[in-house]
Structure formats: structure tokens, C-alpha cells
Amino acid sequence: MTDVQNLCEGKIFEAGSRCEDELLLDEIDSVLVIDDSVLTGSQMTETRARLSERDFPFDIQFGAIYISPRGHQYVDYWSEVVSSPRVFEWNILHHTQLKNFCVDIDGVLCRDPTSEENDDGENYREFLTEVEPNIVPDQRIGWLVTSRLEKYRPETEAWLEEHSIDYERLVMMDLPDMETRRAQGNHAQYKADVYDSVGADLFIESNLKQATEICEETNKPVFCYENNEMIQPGMAGRAYRKSAETASGIRDNPVMLPARVGHKLISRCYHRIAR
């Protein structure tokens, strides 16, 4: 196993260190160059061109785990066709679709406060100011939806600005204190209401229990950051939402909807044959 650069240099990866041993190229019969995904094909095309300039004594084939509907033009093997827009676990917080997502703060962008820090006083204000980010997305977030109280907006906004976290809206709980928030115990319902009302495509939630409840309340997918799991709505919920969207589409544009459905069906059949 190696990467493209070291393949060109005749080196392979070894346990404990990288590119330590020389690779005897004349002992190799074939090489598979594999990528995680192919979308437009530009990277795979560039890689093919780069390797074609070398006089290798072995056959080279190309593959990807996920490809776009036209990605089969660029690879010999693939596992699954995934249409755009799409996100993967490894790029979900750096994806251009973040502008259409709701994102939790504590447990996602930064760690949760400890019980000592979560005192609704000076310790908590210090936490809001000093906590280090877990991750800094390089795309603009549509809605930051947090159970932090509205009175902590100045500290939260200052922290987001300090760490260059770009967002469209910051939605916070409008309650007087943490005791009231704990008494109500409606964190998931509050987030679900925001998720539904703003029309976001996905909610990224830190806590598995809340992620499940948000999904159940909205019949929309929720990505749980805690265990890297996409929580999907039940089949009945999906069917209800899809039927409602189809009915809405027919009502809003009765001419174009059948064409879109036909195009999708033809595309699916084509890629099944291609595989």
C-alpha cells in the first residue's frame, strides 16, 4: 500500500513508519488506484494523466467507493452511485451544504461544559470564553442552534468571531436561567421546532438521545456527532414526507414533475446496468 507520489518513487508504506522500504516494481503485476469518492472526476483525471507519464511495468486500474451518476467514466470499479448533494462523515462539517444545515455548538464545535463549569455564573462565562474549539468549519453554517441561554449571546458571539466560525443565524433559548431550562427539559423539542421551521436539510446534534428525539419529531434526518451516526426517520415517516412533497410538487408544477420522476428512474436503471 502506498500513495500516488510514492508509487512514482517506488516506495511503499510499512507499519510504524511511512515509505521506508523500496518497492521492486518488476515484481508487481497490477496496481489499483482507489479514492474515497469521485464527483466531477477532475482529481481522478489528473491522477490518471500523472501516472500515464510513467513507464510502469504493471497494469493500473482505478476505483472509488462512491461515485456520482457520471463518475463511472473515470473509474474501472466502484461500490455505490450517490447523487449530489452528498456529504460524508469525514467532510460533513466542511461541506458547502453547511449553509443548509442546523448545527449544535456544545459537543460539536466545542466540548460540553463540566458540572463545575455549568454553574450559570462566572465559571460558565469563563467556559464560554476560554473553551477550545473541537473543529472550525471552513464553510458558512446556516443555523447554529444551541440550548445556551439568550443572556449568553455576547460571550457566544465573541467566541465564534474569535475562532472565525462563520454562520448565518445563532438561535438560543430565550429563558431566564438554567433552572428554568432544566425544569422544562425540552431541549430536543426546542431544536426540532427550529429545524422544522427554518426548512433546513439536516441537523447536526451532539447527543444521541436528543438526535433520536429530533428525528422522531421532525421525520427528518439528524447526524449524531457523538457516535458519527446518521439517524434516519422511520419508513412511515419518510413515506409520509415523500408523499407530501410529491403532492406539493404536482400542485406547484404539474408539467415538470413527471419529467423529473422519469429522468430519475431512467438514471437509476442506467447505473444498475453500468454496474
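The values are calculated or read from the model by the stated rules, or taken from the named source; none is laboratory data. All values reported here derive from a predicted model rather than from experimental measurement. Don't worry about glycine lacking a Cβ; one is built from the backbone with ideal geometry, like all the others, and counts go over all protein chains shown. Note: accessible area is taken over every heavy atom of the protein model, side chains too, but ligands, DNA and RNA are not part of it. Shrake-Rupley method; radii C 1.70, N 1.55, O 1.52, S 1.80 Å.
Which loop-located trypsin sites (Lys or Arg not before Pro) does the stretch 87-150 contain, where loop means any DSSP state but H, G, I, E or B and the Cβ has at most 13 other Cβ atoms within 10 Å?
Sparse-neighbourhood loop trypsin sites (Lys or Arg not before Pro): ARG140.
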On each of the three principal axes the extent of the alpha-carbon atoms of the stretch 44-92, given in whole Å and largest first, is 38, 18, 14
For the pair GLU122 and GLU179, the simple spin-label estimate (label points 7 Å beyond Cα toward Cβ) gives in nm 2.0
If each part is reduced to its alpha-carbon centroid, the stretch 189-231 and the stretch 33-87 end up apart, in Å, by 33
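Mind giving me the FRET efficiency for GLU226 and ASP201? R0 is 22 Å, r the Cβ-Cβ distance, nearest 0.05 is fine.
Approximately 0.60, to the nearest 0.05.
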With R₀ set to 41 angstrom, the calculated FRET efficiency between the beta-carbons of GLU162 and GLU27, to the nearest 0.05, is 0.15
Cα-based Rg then Dmax for the stretch 96-160, in Å, read 12.1, 37
For ILE92, the accessible surface traced by a 1.4 Å probe with all protein chains present amounts, in square angstrom to the nearest 10, to 10
One finds, for LYS99 and VAL136 with R0 = 22 angstrom and r their Cβ-Cβ distance, a FRET efficiency to the nearest 0.05 of 0.85
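Which order do the peptides 205-214, 45-54 take when ranked by the mean count of other beta-carbon atoms within 10 Å per residue, highest first?
Ranking the peptides 205-214, 45-54 by packing returns 205-214, 45-54.
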Share of accessible surface on carbon and sulfur in the stretch 13-160, whole %, 1.4 Å probe and ligands ignored, is 45
Honestly the stretch 136-188 on the Cα gyration tensor test (a ≥ b ≥ c root eigenvalues; a/c under 1.5 rounded, otherwise a/b vs b/c for prolate or oblate) is just prolate
Net charge near GLU205 (other residues with Cβ under 10 Å of its Cβ; Lys, Arg +1; Asp, Glu -1) is -1
Rounded to whole Å², per residue accessible area for the stretch 46-130 with a 1.4 Å probe reads 54
